[in-house]
Amino acid sequence: MRRAKITIIGAGNVGATCAHWAASKELGDIVLVDIVEGLPQGKSLDLFEASPIEGFDAGIIGTNGYDETADSDVVIITSGIARKPGMTRDQLLETNVKIVSDVTRKAAEKSPDAVLIVVSNPLDAMVYTACKVSGFPTQRVVGQAGVLDVARYRSFIAMEVGCSIEDVSALLMGGHGDDMVPLPRYTTICGIPVSQFIPAGRLSEIVTRARNGGAEIVGLLKTGSAYYAPASATIAMAESIIRDKRRILPCAAYCDEEYGVGGYFVGVPCVLGRGGVEKVIEVDLEGAERDMFSASVSHVKELCKAVDGFLG
Ligand code: APR
């Protein structure tokens, strides 16, 4: 059987860490691409040289071009500039639209059947950019945001309760970070509603911390943004696609009639399998949840309008 092939564009912190997780899970052969000469070659060689020690079996190469990426099953887009302290994700928009549209065009031409996973920020606008530029069917374009936001939320809940992270199950929807829609009704610990462990006021502080989880890391690092958890979240999605696991993961997926969104990428739970987004799961939302989700969708629409302006 042919091994899966994964292209990762951007060999910076998130891209290189994606390569690391993907190699250690033996998801397939990896091609790391970056605009900086030597960077993807150096990082991929370094990672490959760890394989005899770690015992993973994966081809890993680095390149500044796209020929080597041909016929990839999954293309992960992390190229772009990262946030500096005080910057919002939206302030990255203009620069990252140019970068993401350029790399998408080149990668899509070489791998017309791939599933694109977009990680660059502002996420909801970058998925839209990648979809428009690639011309791919919408189910083969998906953004990484929800898996990370939920992971942060679950981490903070486990820290608060003092229980294993394994037993915390949660769902968040909407846009990445600031636009996140918390759903405490769907948060459980070993199947027990979270309200039996954490009072509502304290839970809302935890939601706020998760909402600002990216900024918290930017504030600590000062020279860049988070990468371990974002990369781990991305590779969980890639694994579900490559191994056709059909996991239900919160992702930025195309919704038209779903939730009445009308043709934008927003954070919703969906089934991820070999075909990409195989199904969007429609969750019942109550009054305030629905209002927050609508506000989130409105923000995504505004960002996409700005993207249309830049793409011309
Ligand atoms: N083609 C290929 N690579 C590019 C291009 C391009 N046109 N432009 C920039 N890059 C590369 C940079 O050279 C750099 O190596 O993208 C990489 C980005 O890496 P970092 O600066 O380390 O940023 P990182 O922390 O990896 O974040 C990347 O993911 O989470 C998001 O907000 C984050 O948008 C940011 C992205």
Q: Whole Å is fine, so just give me how far the alpha carbon centre of region 172-189 lies from that of region 260-312.
A: 13
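What's the exposure ranking of ASP113, ASP179, going from fewest to most Cβ atoms within 10 Å?
Values: ASP113 10, ASP179 26.
By the 10 Å Cβ count, ascending: ASP113, ASP179.
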Q: For region 45-58, just list the computed ³J(HN,Hα) in residue order, Karplus coefficients 6.51, -1.76 and 1.60, θ = phi - 60°, integers in Hz, with x standing in for Gly and Pro.
A: 5, 4, 5, 4, 5, 7, 5, x, 7, 7, x, 9, 10, 8
Q.
Could you tell me how far the Cα centroid of region 59-76 sits from the Cα centroid of region 5-26, in Å?
A. 11
Q: Please compute the net charge surrounding VAL218, taking Lys and Arg as +1 and Asp and Glu as -1 over other residues with Cβ under 9 Å from its Cβ.
A: +2
Q.
What does the extension gain come out to for GLU278 and GLU109, with contour length at 0.36 nm per residue minus their alpha carbon separation?
A. 58.5 nm
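Within 10 Å of each residue's Cβ, count the other Cβ atoms and sort ILE198, ILE76 from fewest upward.
Numbers: ILE198 19, ILE76 33.
Ordered by Cβ neighbours within 10 Å, fewest first: ILE198, ILE76.
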Q | Approximate spin-label separation ASP167-LEU220, in nm, with each point projected 7 Å along Cα-to-Cβ | A | 2.5
Q: Take the alpha carbon gyration tensor of the chain, find the square roots of its eigenvalues, order them as a ≥ b ≥ c, and report rounded if a/c is under 1.5; if not, report prolate when a/b exceeds b/c, else oblate.
A: prolate
Q | Approximate spin-label separation ILE81-ARG185, in nm, with each point projected 7 Å along Cα-to-Cβ | A | 4.2
Q) Roughly how tilted is helix 200-211, in degrees to the nearest 10 and between 0 and 90, from the longest Cα axis of the chain? A) 20
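Where Lys and Arg each count +1 and Asp and Glu each count -1, what net charge lies around ALA233 among other residues with Cβ under 14 Å from its Cβ?
Numbers: positive: LYS25, ARG152, ARG154, ARG247; negative: ASP149, GLU239.
Computed value for this residue: +2.
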Q: Per residue of region 284-300, in order, report the coupling 6.51 cos²θ - 1.76 cosθ + 1.60 (Karplus, θ = phi - 60°) as ³J(HN,Hα) in whole Hz, putting x for Gly and Pro.
A: 5, 10, 9, x, 5, 5, 5, 5, 5, 5, 5, 5, 5, 5, 4, 5, 4
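Percent relative contact order of the chain, based on C-alpha pairs within less than 8 angstrom and at least six residues apart? It would help to have the intermediate numbers written out before the result.
Values: 629 pairs, mean separation 53.7, N = 312.
Rounded, it is 17 percent for the chain.
Would you mind ranking SER101, SER111, SER120, SER298 by Cβ crowding within 10 Å, fewest neighbours first?
Values: SER101 19, SER111 23, SER120 31, SER298 13.
Result, fewest neighbours first: SER298, SER101, SER111, SER120.
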Q.
Quick check: net charge around ASP149, other residues with Cβ under 14 Å of its Cβ, Lys/Arg +1 and Asp/Glu -1?
A. +1
Q | Inter-site label distance for ALA158 and GLU49 at 7 Å from Cα along Cβ, in nm | A | 3.3
Q) Roughly how tilted is helix 93-110, in degrees to the nearest 10 and between 0 and 90, from the longest Cα axis of the chain? A) 50
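Using a 10 Å cut-off on Cβ atoms, rank the peptides 220-232, 239-251 from the highest mean neighbour count down. Each step should come with its number before you reach the end.
On the way: 220-232: 16.9, 239-251: 19.3.
Taking the mean over residues of other Cβ atoms within 10 Å, the ranking is 239-251, 220-232.
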Q. Name the residues of region 163-187 whose amide N is less than 15 Å from a point 7 angstrom out from the Cα of SER195 along the C-beta direction?
A. 183-187
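Laboratory data are not the source of any read-out in this text; all were calculated from the coordinates shown. Note that the structure is a prediction, hence the values are computed from the model and not measured. Here the Cβ is made from the backbone with ideal geometry for all residues, glycine too, and neighbour counts use every protein chain on show.
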